[in-house]
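Chemist: One structure, pasted below without further comment.
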Amino acid sequence: MPTTAQIVAEITDGNGYAILPNLIPSYEAAAAREILLKCSEAPLVKGLPARNPATGQRTVGSLLHRGVMFECLVQNPALMEIGEALLGDDMTLSSYAARILEPGAREMGAHIDYPYWAMRGPFAVRPALMLQVIWMMQDFTEGNGATLVVPGSQRRGVPPDAAVFAKEAVVVTGSSGSAIVSHGLLWHDTSRNRSDTPRVSMLINYGLKVIRPMEPGIAVVPDEVMERATPRLRRLLGLDFAESLRRDLARRYKG
Ligand SMILES: O=C(O)CCC(=O)C(=O)O
């Protein structure tokens, strides 16, 4: 198993992504998958359609409203370690959603992730502005819509070119519970789901605290979630922003 430093180096200077095999056991992934499928009919990420009829893909947002399991998953210790090594221990949660590819679903389209797609560029690989997690809630296979990536494309610092993507993309397969952690500039897409079951991924975007979250209401959570929130979850929700700025100022002006 590579060290955290090696994973961060791979994300930044290497292939742009790393696979964390069996980050959670497959029974836990299966339980999360069931919940995500059940709530997939509700309109979720505000401003984004819950279902795209052109692609057969569904988005499930507001995962901090979906039960305690999702509060734990977003604070997974290995993800925290990698995220904090890349983005700092004051990183925040930018979005937390799931992507469901219905049987027959088409590619969503090659892209880079927020905040890069909302920026004009040019883009620099350093400092990384976000860490993307694509968590496999079931086995990802060649036939069921596994994620496509172009290794090393984060270093190009530009949005994907569709023809180049088609030539260079490789499919990332893995077992249920595994996760892909990647640089937000990595060119990626979903592949076609040629199977007869929905393919479910959970998507987490951790970002630099100085970048506005992709989901504006990410910190608006039910009272009971706030009452049981760990210090880490509060930090992820950006509730320690003022304190974190005070620490930054103290560091900058010390001596
Ligand atoms: O679920 C996947 O394989 C990737 C999804 C993705 O890239 C996205 O929703 O932006």
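Chemist: Quick one: net charge around GLY177, please, counting Lys, Arg +1 and Asp, Glu -1 for every other residue with C-beta under 15 Å from its C-beta. It would help to have the intermediate numbers written out before the result.
Modeler: Details: positive: ARG33, ARG199; negative: GLU28, GLU34, ASP139.
Neighbourhood net charge equals -1.
Chemist: List the pair-distance distribution P(r) of the chain, using every Cα-Cα distance, as the percent of pairs falling in each 10 Å bin from 0 up to the bin containing the longest distance, rounded to whole percents.
Modeler: The percentages, shortest bin first, are 7, 31, 39, 19, 3, 1, 0.
Chemist: For the range 109-255, what does the equivalent ellipsoid look like in terms of its semi-axes, each the square root of 5 times an eigenvalue of the Cα gyration tensor, given largest first in whole Å?
Modeler: Details: eigenvalues 204, 97, 28 Å².
Whole-Å semi-axes of the equivalent ellipsoid: 32, 22, 12.
Chemist: Remind me, what semi-axes does the range 142-227 give for its equivalent ellipsoid, largest first in whole Å, using sqrt of 5 times each Cα gyration tensor eigenvalue? Write out the running numbers ahead of the final one.
Modeler: Values: eigenvalues 158, 83, 23 Å².
The answer is 28, 20, 11 Å, longest axis first.
Chemist: Moving on to the next point. Net charge near PHE123, counting Lys/Arg +1 and Asp/Glu -1 over other residues with Cβ under 11 Å of its Cβ?
Modeler: Value of the local net charge: +4.
Laboratory data are not the source of any read-out in this text; all were calculated from the coordinates shown. Because the structure is predicted, anything quoted here is derived from the model rather than measured. Reconstructed Cβ throughout: ideal geometry from the backbone, glycine too, with neighbour counts over all protein chains shown.
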